[in-house]
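Some notes on the structure that comes next.
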Amino acid sequence: MSTPIEEYAAVGDTETVALISRRGSVDWLCLPRFDSPSSFTALLGTPDHGRWLIGPVDEATSTRSYRDDTFILETTHRTATGAVKVTDLMPLGDGRADLIRVVEGLEGEVEMEHEWIVRPNYGRTRPWVAHSPGHVRDHDVITAIAGNDMLVLRGSRLPHADEGHHYDRWTVRAGERYNFSTTWFASHKPIPPPLDIDARIRVTYERSMEWASQCTYEGPYRDEVVRSLLTLRLLTDTRRGGIVAAPTTSLPEDFGGVRNWDYRYCWLRDASLTLESLLKSGYIGATRLWRDWLVRAIAGDPEDMQIMYAVDGGRYLPERELDHLPGYANSRPVRVGNGAVDQKQTDVLGEVMIALEDARAQGLEESDQSWAIQRALVNNLAEHWDQADHGLWEIRGPRRHFTHSRVMVWAAFDRAIRAVEVHGYEGDLELWRDLRERVRADILDRGWNEEKQTFTQHYDTDEVDASLLLIPMVGFLPPEDPRVLGTIAAIERDLMRDGFLLRYRTESGIDGLAGDEHPFLACSWWLVSAYALTGQTEKGHALMRRLVSLLNDVGLIAEEYDVHADHQVGNFPQAFSHLTLIGAAYALRDADAAVERGTEPDTETIATPIHPVEDD
């Protein structure tokens with residue numbers, strides 16, 4: 001049986017992430033990058049597909065938390081005979097790919113087990129494993145080599161070979177400490193020297209705490225906001241600048257179903273919305289890093305701009321299926337790569353322009369190249385803004401004229417106009433003004449259903465879509481507009497399931513896929529923001545409390561939630577969910593302040609909620 005998704009915690013070095021179960025099993029780790037093939041793949045299969053387990057042999061009560069505002073994970077296992085603490089982390093800032101695990105005896109004695117099964121290439125390859133002489137300061141080490149991948153296990157006590165894996169059982173007594181580390185490196189290079197583990201823990205702690213201390217947010221749900229900001233940092237490749245949607249692939253939207261997608265890439269939409277949250281919380285430097293990544297990634301003909309890229313800006317992301325893996329909870333196919341890379345999504349440039357306008361407003365100056373690329377992209381949009389597309393949910397059915405896509409086209413022209421009018425950059429001002437009005441008229445004419453008193457998912461349906469909640473948040477219409485209020489009411493009526501929102505009704509057949517999905521958590525956080533904007537603060541806080549109660553014990557959340565089974569669903573941790581949590585907290589804070597002042601909320605300061613990348 002698959003370990004429940006909420007039973008995992010994440011540790012990472014801002015280039016990749018490991019998922020560790022409460023029992024102490026590293027079941028997912030791609031090395032050395034987010035989008036590298038995994039070396040531990042039990043998450044999508046069995047232990048034989050690779051894992052690194054360090055945990056108690058006997059039944060234990062296990063509690064865990066992150067050390068203050070860091071991703072240093074501390075788990076305490078209590079058995080009938082004693083207690084141990086296991087500390088897990090991936091060190092920051094050492095330019096390596098290391099996973100450190102420290103076992104300390106707290107009380108009595110606890111029998112522990114240690115299993116190290118390395119299976120590179122998504123669990124497919126059985127490496128050559130050997131005991132080898134270590135570095136000059138080492139005892140012996142265990143190495144596993146397959147092609148370019150080589151992993152080395154160091155430790156106070158090494159496991160022994162046992163039919164294709166390495167295993168050990170030993171007793172940890174109070175006061176004893178055992179250090180372990182796994183390091184990835186390219187196999188043509190020499191084995192890296194051993195780590196000074198205490199020093200790496202100290203540096204990682206100090207860097208994480210210093211970063212967290214820059215957060216400017218003060219308001220309700222601050223602990224959840226800070227942990228979400230830290231999660232966004234965890235998903236940001238701080239060497240290259242790319243921001244991934246999640247560190248996992250193929251965690252299903254429907255257990256046993258086919259809605260299984262690879263999120264280990266950099267969607268321009270998600271990254272833009274990540275930046276909006278970071279900017280509002282005081283992190284301007286992150287914007288510069290990503291903007292420079294963006295300029296490199298999309299440089300070239302505007303017609304060639306993709307919706308997503310690899311973390312290094314690479315463009316080739318072919319989708320394929322891994323038939324050797326049974327999938328999480330028998331959910332197949334397991335996919336790597338993402339076929340949506342070739343889709344047309346007209347909304348993407350709107351999110352990019354909103355984020356970069358926010359950055360300009362906070363004093364981040366454009367380089368000549370960055371503004372030139374934005375201007376070229378906006379002018380290219382001017383030539384095809386009225387074409388049908390696949391929409392933000394990456395519909396795999398026919399292209400449609402999605403209302404949300406049109407709203408974001410309007411936002412792209414609007415923010416480009418602001419760049420000229422407010423910041424003094426050169427641009428085709430009259431053309432952009434004319435197009436902004438034409439797009440607005442088109443939306444109000446074709447995207448509004450007078451009979452149902454709501455905006456619609458696309459121009460040829462009376463169905464609604466949760467993305468319509470963004471209409472007031474991007475400034476297209478004021479929150480008090482009756483059309484906004486009517487749309488919120490229609491979404492509540494048609495998309496609410498068990499107290500949370502769906503993205504859309506899958507039974508409409510719009511997405512071209514079999515099966516169903518659970519409430520998409522970001523949509524409910526959008527609804528919180530919409531409640532706040534429209535003065536419905538009691539409803540907003542009530543829904544916010546229900547949502548934050550779904551976070552797991554270390555403050556992480558996946559993409560969707562199965563209310564009946566009480567389980568998280570989908571890729572994890574999901575940037576989109578954490579982004580919209582942050583936006584909702586800001587919206588409620590500002591709405592509460594407006595109530596106290598007796599005024600309307602300032603829509604300019606309310607965080608623009610954030611979209612996903614994925615129905616796909």
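Observations
- Among the candidates Ser250, Ser213, Ser228, residue that is farther than 29 Å from Ala587 by Cα and hydroxyl-bearing (Ser, Thr, Tyr): Ser250
- Residues in the range 345-380 that are among the charged types (D, E, K, R) and over 22 Å from the mean Cα position of the chain (by Cα): Glu357, Arg360, Glu365, Glu366, Asp368, Arg375.
- Residue within the range 560-571 that is out of contact with any Leu (no Cβ under 6 Å at 6 or more places or on another chain), of a type in the set (A, V, I, L, M, F, W, C) and farther than 19 Å from Gly499 by Cα present: no
- One residue stands out among those in the range 276-291 that are hydroxyl-bearing (Ser, Thr, Tyr) and assigned to a helix (DSSP H, G or I): the one that is farthest from the chain's Cα centre (by Cα), which is Thr287.
- Residue within the range 410-426 that is in contact (Cβ under 8 Å) with a residue 60 or more places away in the chain, of a type in the set (Phe, Trp, Tyr) and either crowded, with 24+ Cβ neighbours inside 10 Å or assigned to a helix (DSSP H, G or I) (or both) present: yes
- Test: Ile488 is in contact (Cβ under 8 Å) with a residue 12 or more places away in the chain, part of a helix (DSSP H, G or I), among the β-branched types (Val, Ile, Thr) and more than 26 Å from Ala361 (Cβ to Cβ): yes
- Residue in the range 14-27 that is farther than 22 Å from Asp149 by Cβ, free of Cβ contacts under 8 Å to residues at least 24 places away in the same chain and surrounded by 19 or more Cβ atoms within 10 Å (Cβ to Cβ) present: yes
- Unique match (being crowded, with 16+ Cβ neighbours inside 10 Å, assigned by TED's automatic domain parsing to the domain that holds Gly45 and either more than 22 Å from Phe34 (Cα to Cα) or not hydrophobic (A, V, I, L, M, F, W, C) (or both)) among Pro133, Pro91: Pro91
- Residue tally, condition out of contact with any Pro (no Cβ under 9 Å at 6 or more places or on another chain) and not in a strand (DSSP E or B), over the range 245-260: 7
- Some residue of the range 582-596 being over 29 Å from Leu356 (Cβ atoms), out of contact with any strand residue (DSSP E or B) (no Cβ under 7 Å at 6 or more places or on another chain), at pLDDT below 95 and of a type outside the set (Ser, Thr, Tyr): yes
For every residue, the table says whether it meets (1) at pLDDT 95 or above; (2) within 30 Å of the chain's Cα centre (by Cα); (3) crowded, with 20+ Cβ neighbours inside 10 Å.
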residue	(1), (2), (3)
Leu106	yes, no, no
Asn121	yes, yes, no
Asp138	no, no, no
Ile145	yes, no, no
Val152	yes, yes, yes
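- Top-ranked residue of the range 541-567 - restricted to ones that are within 23 Å of Arg67 (Cβ to Cβ) and not small (Gly, Ala, Ser), ranked as surrounded by the fewest Cβ atoms within 10 Å (Cβ to Cβ): Asp553
- Scanning the range 498-518 for residues that are surrounded by 18 or more Cβ atoms within 10 Å (Cβ to Cβ) and assigned to a helix (DSSP H, G or I) yields one hit, Thr506.
- Here is the figure for the range 269-300: residues that are out of contact with any strand residue (DSSP E or B) (no Cβ under 9 Å at 6 or more places or on another chain), of a type in the set (Val, Ile, Thr) and closer than 14 Å to Leu229 by Cβ total 2.
- In the range 73-88, residue nearest to the chain's Cα centre (by Cα) [restricted to those that are buried (at least 20 other Cβ atoms within 10 Å of the Cβ) and under 30 Å from Pro37 (Cα atoms)]: Leu73
- One residue alone among Leu349, Leu356, Leu294 is part of a helix (DSSP H, G or I), modelled with pLDDT under 90 and either buried (at least 20 other Cβ atoms within 10 Å of the Cβ) or among the hydroxyl-bearing types (Ser, Thr, Tyr) (or both), and that residue is Leu294.
- Taking every residue in the range 156-178 that is in a strand (DSSP E or B) and pairing it with any residue that is β-branched (Val, Ile, Thr) and loosely packed, with under 15 Cβ neighbours inside 10 Å, at least 6 positions away or on another chain, the pairs with Cβ-Cβ distances below 8 Å are Arg169/Val57.
- Only a single item in (1) buried (at least 17 other Cβ atoms within 10 Å of the Cβ); (2) touching a strand residue (DSSP E or B) at 6+ places or on another chain (Cβ under 9 Å); (3) under 16 Å from Ser208 (Cα atoms) is not met by Ser65, and it is number (1).
- If you go through the range 223-244 and keep only what is assigned to a helix (DSSP H, G or I) and among the acidic types (Asp, Glu), you end up with Asp223, Glu224.
Each row is one residue, and each column tells you yes or no for (1) in the same structural domain as Phe180 (by TED's automatic domain parsing); (2) among the hydroxyl-bearing types (Ser, Thr, Tyr); (3) at negative phi; (4) in contact with a helix residue (DSSP H, G or I) (Cβ under 6 Å, 6 or more places away or on another chain).
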{"position": "Tyr205", "(1), (2), (3), (4)": "yes, yes, yes, no"}
{"position": "Ser228", "(1), (2), (3), (4)": "no, yes, yes, yes"}
{"position": "Arg233", "(1), (2), (3), (4)": "no, no, yes, no"}
{"position": "Thr236", "(1), (2), (3), (4)": "no, yes, yes, no"}
{"position": "Arg239", "(1), (2), (3), (4)": "no, no, yes, no"}
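- Among the residues making up the range 466-485, those that are in contact (Cβ under 8 Å) with a residue 40 or more places away in the chain and within 15 Å of Arg446 (Cβ to Cβ) are Leu468, Ile471, Phe476.
- Test for Ala340: is it surrounded by 23 or more Cβ atoms within 10 Å (Cβ to Cβ), touching a Phe, Trp or Tyr at 6+ places or on another chain (Cβ under 7 Å) and assigned to a helix (DSSP H, G or I): no
- Checking each residue in the range 519-553 for being touching a Leu at 6+ places or on another chain (Cβ under 8 Å), in a loop (DSSP other than H, G, I, E, B) and not hydrophobic (A, V, I, L, M, F, W, C) picks out Pro519, Thr534.
The values are calculated or read from the model by the stated rules, or taken from the named source; none is laboratory data. All of these numbers come straight from a predicted model, not from anything done at the bench. Reconstructed Cβ throughout: ideal geometry from the backbone, glycine too, with neighbour counts over all protein chains shown.
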